[in-house]
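Below: one structure, written as structure tokens.
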Amino acid sequence: MSAAGTPPLDLPDAVRDGRPTVWRNPRLGRAAEILPGLAFGLAEVEAAEARWRRFDPLLARLFPELATGRIDSALLPLSADLAALVSGRPGAAAWVKADHDLPITGCIKARGGVYEVLVEAERLGLAAGWLSGASSYARLADPDVRAAFGVHTIAVGSTGNLGFSVGVIGRALGFQVEVHMSHDAKAWKKRRLRDLGARVVEHAGDYGSAVAAARIAFEGRADAHFVDDESSVDLFLGYAAAAFDLRRQLDAAGVSVDAAHPLCVYLPCGVGGAPGGVTLGLKLLYGDAVRCVFVEPVAAPCMLVQLAAGPARSVSVYEVGLDNRTAADGLAVATASMLVAGTVGGLVEAVVTVGDADLFTWLRDLWDRAGLRLEPSAAAAFAAVGPACGALPDVAHAMHVVWTTGGALLPEAEFQAALAQAA
Ligand SMILES: Cc1ncc(COP(=O)(O)O)c(C=O)c1O
């Protein structure tokens, strides 16, 4: 027994030693058995999707580059050569769900962060009588509404991309925005937020302590809303609605997903909200025909250790001797969301851990060969495909979707520095 009186975690040596590995989730169950027991189901994800669509006219008004108001990315086929290289299997079919190039924010966190700010705007809009029906949502960009939103603060704790997503939509609607970040969060991500007019508060500790401090600071404040990356249901459901986007694109491409044509989706995981929400949405749509593989840095496999520990207590990577230091800043999270771990713990196929050096090699290769501009966290998804195919028979025969989660808006100097690290 450990000092705290809890049994030691059953983890492979590779995880404790910080070596890349493929960890099969022992709690993986059948979707048909697990989904009915969860707190959220298709009705909740459909409601999130319907809310996104209600806001299309407002988003199109606020951001002219969003012609339809829809925040979605392309589904790009990988060339046969690249699919074979990535998977280690000649003849493999692979796609990129290109959220690295998601409009407005260039990262997957918009799916949750923008969505939660829209939920708050809708709540305030309904209370004030500004919204009278589905066709009235563009009204929320009128000057009088903006001025009213200006006395309200949206706060968030973030490694960077969630803060940016909340900042972009929050400032566009006229809210005050306050983003709490760890001191080692990327300087350019802090600068970009300040340029938007957001207040950036720096904390001495890691991302988790920045979130905890912000949560306390905003507790009980009627003039503010705190977007809780670790435990917000709205954030989670905003991500989950992405499953409808992927299904629409697969349908349009004539790709069937069923028992005979399984799909494996590779999702970089930080606190877990984005990959967890997408996993819930996809499992609701495709059941066991979709397999969701999470990808984490060797130094920060917080979801892996949490799934290994089970739902009874929260476990951090520090407890198993890891240091949470990684170049994949979006994934530098020591403690996973208990909401996410508790919800998708039986739906995640496996967690693949990847070393930082591989992130840079894939970042460079995907740029050279496919023109994909990725940040290290997003390149992690590519680093996982080959190891997963080598270790998981059910996955090796699937079609692959690599979810690239961020990078298009990386400043040029940052991107060049990342390319240079690969050399
Ligand atoms: C680029 C990128 N990918 C993946 C993630 C992981 O998302 P989550 O923290 O919700 O697991 C993040 C989180 O910030 C990110 O910035």
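The values are calculated or read from the model by the stated rules, or taken from the named source; none is laboratory data. Remember, predicted model here, so these are calculated numbers, not experimental data. Cβ: placed from backbone, ideal geometry, glycine included. Neighbour counts: every protein chain shown. Quick note on the areas: whole protein, heavy atoms, side chains included, nothing else; ligands and nucleic acids left out. Shrake-Rupley method; radii C 1.70, N 1.55, O 1.52, S 1.80 Å.
Observations
- Highest GNM mean-square fluctuation among Ala224, Ala289, Ala127, for the chain modelled with Cα contacts below 10 Å: Ala127.
- Per residue, segment 290-423 exposes an accessible area of 30 Å² to a 1.4 Å probe, with every protein chain left in place.
- FRET efficiency for Asp144 and Trp188, using Cβ-Cβ distance with R0 set to 35 Å, rounded to 0.05: 0.50
- Spread of Cα-to-Cα distances over 10 Å intervals beginning at zero, given as percent, for segment 36-83: 22, 28, 25, 23, 2
- Unit Cα scatterers, Debye sum, segment 149-199: log10 I(q)/I(0) for q = 0.23, 0.29 Å⁻¹: -0.72, -1.09
- Cut-off 12 Å between beta-carbons: net charge of the residues surrounding Ala98, Lys and Arg +1, Asp and Glu -1: -2
- For segment 280-336 versus segment 125-191, the gap between their alpha-carbon centres in whole angstrom: 28 Å
- Contour minus Cα-Cα distance for Asp368 and Ala222 (0.36 nm per residue): 47.6 nm
- Considering only Leu126, Leu196, Leu372, the mean-square fluctuation computed in a Gaussian network model of the chain, springs between alpha carbons under 10 angstrom, is largest for Leu126.
- Expected 222 nm ellipticity per residue - DSSP helices of 4 or more, -39500 (n - 2.57), all of the chain, to 500: -13500 deg cm²/dmol
- All other residues whose Cβ lies under 12 angstrom from that of Leu237 are scored, Lys and Arg at +1 and Asp and Glu at -1, for a net of -3.
- Measuring how big segment 109-232 is from its alpha-carbon positions, Rg and Dmax come out at 14.3, 46 Å.
- Cα-based radius of gyration of segment 1-138 once divided by 2.2 N^0.38 Å, which approximates compact folds: 1.53
- Estimated inter-spin distance, Ala312 and Ala391, nm [label 7 Å along Cα→Cβ]: 2.6 nm
- Within the same chain, aspartates and glutamates fewer than 8 places from Lys283 are excluded, and of the rest, those with a Cα less than 17 Å from its Cα are Glu33, Glu44, Glu46, Glu49, Asp245, Asp251, Asp258, Glu349, Asp394.
- Proximal lysines relative to Lys186, as straight alpha-carbon distance under 27 Å, when same-chain residues fewer than 8 apart are discounted: Lys97, Lys109
- Length gained on full extension, Arg24 to Val201: 59.9 nm, using 0.36 nm per residue less the C-alpha separation.
- Within the accessible area of the chain, the carbon and sulfur atoms contribute 53%, probe 1.4 Å, all protein chains present.
- In the context of the full set of protein chains, segment 94-141 has a per residue accessible area of 28 Å² (1.4 Å probe).
- FRET efficiency, Phe63 to Asp251 (Cβ-Cβ, R0 25 Å, nearest 0.05): 0.40
- Summing Lys and Arg as +1 and Asp and Glu as -1 over all other residues whose Cβ lies under 15 Å from the Cβ of Ser73 gives a net charge of +1.
- Arg171 accessible area, assembled protein chains, probe 1.4 Å, Å²: 60 Å²
- Amide H partners (placed H, <5 Å) of His400, local residues excluded: Ala93, Ala94, Trp95, Cys264
- Segment 400-422-segment 45-82 distance, computed between alpha-carbon centres (Å): 21 Å
- Note on the chain: Cα-Cα pairs beyond 43 Å make up 7% of the total pair count.
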